[in-house]
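See structure below.
The values are calculated or read from the model by the stated rules, or taken from the named source; none is laboratory data. Computed from a prediction, not measured in an experiment: that's the story for all the values here. Note that we place each Cβ from the backbone using ideal geometry, even for glycine, and neighbour counts take in every protein chain shown. Quick note on the areas: whole protein, heavy atoms, side chains included, nothing else; ligands and nucleic acids left out. Shrake-Rupley method; radii C 1.70, N 1.55, O 1.52, S 1.80 Å.
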Amino acid sequence: MCTYVTVKREVEGSGKGAGGWFPVSQTTVYVDHPTHAPYAHTLNIDFLNPAAGPAARVAVELTEESALALIEAIQGALAAAPAGMASRDQKV
Amino acid sequence: MTLQDAMQDAMQAGTVRITGAGGDEIEAYLAQPLDAAPRGGVVVIHHMPGYDEATKEITRRLASYGFAAICPNLYSREAPGASPDDAAATARAAGGVPDDRLVGDVGGAADHLRGLPNSNGKVGVIGYCSGGRQAFLVACRLPLDAAVDCYGAFVVGNPPESFPLAVTPLLDQAGTLSCPLLGMFGAEDQYPSPAQVEELAGELTRLGKPHEFHTYPDAGHGFFAVDRPSYRPLAATEGWQRVREFFDRQLGA
């Protein structure tokens, strides 16, 4: 099915798309038909910069297991670093 | 092959500009046979993943059946010139295609078909997935001659409460259905489920609206999609025959 359910978050960071690196300002997360992954449904994440146009997009299509493993990996990596090290308020 | 055979099956296909909802100029893909015989037209409503190669192939296939077929790019405004997957992601992030705009864009595409030199004045619509729901919607809102709903979800049944898009069920609009409806469904689909398909059929019968529904065993959602793992060759092959017969009957000269 087309779930239409889209969870959006404003984010800060960068991504590398077809045209090179760009600032990422928004992510959309949804379960729907993938464009490329060989499954009927996947957990899809788009890293976007709407101001830079539709091509400013890094897309991933993951199985449920992969998506959950990624959440764990993100939490593990953040937990292994001092709190605030990668924060927007970090000292550089 | 004789020269006459070649003339009869030759077609032209490519991008055109048409007038959509609100007078906006939008992109569309038009495929039509080259011979001058009067013919009906079909508007193809693409699925949520967008105005992609597979949908253009469907449009050309309908031209090979003898119809003028056109697929408007429903994401023309959000993502002009973008690749189909990027355009679909942009449209999704923007909240999807509003129903009223969709009706205007499909109406513009239908007008474009009726304005072709050898149009016989008859126009049908076919849509897949989210486009299946939209095909039903436009057939309730616009004067058409035929509509095909391929596994459109939420014609019957409310979307989950968390849905951020204004996708509403359409069953209460069935009274204004302007043309015969062909429905193509998979027995293993849950959106729409066989029970929802049955409910829609019951309501159309009650209203005296002509309809013909086919539900294929061993097929789920998206069984026509040749580029996806949901493709079911037996259901799709038979389904295309039903679609062709239906359009021949409803849109013939």
> Name the pairs: first residue in the range B:42-63 and within 12 Å of chain A (Cβ to nearest Cβ), second residue β-branched (V, I, T), Cβ to Cβ under 6 Å, at least 6 apart or on different chains?
Replying inline: B:H46/B:T55
>> One residue is enough: does the range A:20-27 have a residue meeting the conditions more than 7 Å from every other protein chain (Cβ to nearest Cβ), under 18 Å from B:P49 (Cα atoms) and surrounded by 16 or more Cβ atoms within 10 Å (Cβ to Cβ)?
In response: yes
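Residue-by-condition table, conditions (1) basic (K, R); (2) assigned to a strand (DSSP E or B); (3) out of contact with any Cys (no Cβ under 7 Å at 6 or more places or on another chain):
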residue: B:T215; (1), (2), (3): no, yes, yes
residue: B:A219; (1), (2), (3): no, no, yes
residue: B:F224; (1), (2), (3): no, no, no
residue: B:D227; (1), (2), (3): no, no, yes
residue: B:A235; (1), (2), (3): no, no, yes
residue: B:Q241; (1), (2), (3): no, no, yes
residue: B:R244; (1), (2), (3): yes, no, yes
> Counting just the residues of the range A:75-85 that are among the aliphatic types (A, V, I, L, M) and open to solvent by 80 Å² or more (accessible area, probe 1.4 Å), which one comes out nearest to A:I45 (Cα to Cα)?
Replying inline: A:L78
> If you check A:P23, A:P54, A:P50, A:P38, which single one turns out to be out of contact with any strand residue (DSSP E or B) (no Cβ under 8 Å at 6 or more places or on another chain) and either over 18 Å from B:A94 (Cα atoms) or touching a residue at least 12 places away in the same chain (Cβ under 8 Å) (or both)?
Replying inline: A:P38
> If you go through the range B:191-208 one residue at a time, how many are away from chain A (no Cβ under 14 Å), surrounded by 18 or more Cβ atoms within 10 Å (Cβ to Cβ) and in a loop (DSSP other than H, G, I, E, B)?
Replying inline: 0
> Under the condition of being within 14 Å of another protein chain (Cβ to nearest Cβ), in contact with a helix residue (DSSP H, G or I) (Cβ under 8 Å, 6 or more places away or on another chain) and in a helix (DSSP H, G or I), which residue from the range B:78-101 is surrounded by the fewest Cβ atoms within 10 Å (Cβ to Cβ)?
Replying inline: B:D99
> Being charged (D, E, K, R), more than 30 Å from A:T6 (Cβ to Cβ) and surrounded by fewer than 21 Cβ atoms within 10 Å (Cβ to Cβ), is that true of even one residue in the range B:215-223?
Replying inline: yes
>> Which pairs turn up if I take residues in the range B:122-145 that are more than 14 Å from chain A (Cβ to nearest Cβ) and farther than 17 Å from B:G96 by Cα and look for partners that are basic (K, R) and in a strand (DSSP E or B) with beta carbon separation below 6 Å, at least 6 apart in sequence or on another chain?
In response: B:D145/B:K122
> Which pairs have Cβ atoms under 8 Å, sit 6 or more apart or on different chains, and link a residue in the range B:237-251 that is farther than 15 Å from B:R39 by Cβ to one that is among the acidic types (D, E) and modelled with pLDDT of 95 or more?
Replying inline: B:R242/B:E212; B:F246/B:E212
> Restricting the range A:31-74 to residues that are facing chain B (nearest Cβ under 7 Å) and among the hydroxyl-bearing types (S, T, Y), which is most open to solvent (accessible area, probe 1.4 Å)?
Replying inline: A:Y39
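Suppose we filter the range B:14-68 for residues that are charged (D, E, K, R), over 24 Å from B:G252 (Cβ atoms) and outside any strand (DSSP E or B); how many remain?
The qualifying residues number 4.
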> Take the residues of the range B:102-132 that are of a type outside the set (G, A, S), at pLDDT 95 or above and under 14 Å from the mean Cα position of the chain (by Cα): which is surrounded by the fewest Cβ atoms within 10 Å (Cβ to Cβ)?
Replying inline: B:V103
> Do we have any residue at all in the range B:170-187 that's within 14 Å of another protein chain (Cβ to nearest Cβ) and open to solvent by 60 Å² or more (accessible area, probe 1.4 Å)?
Replying inline: no
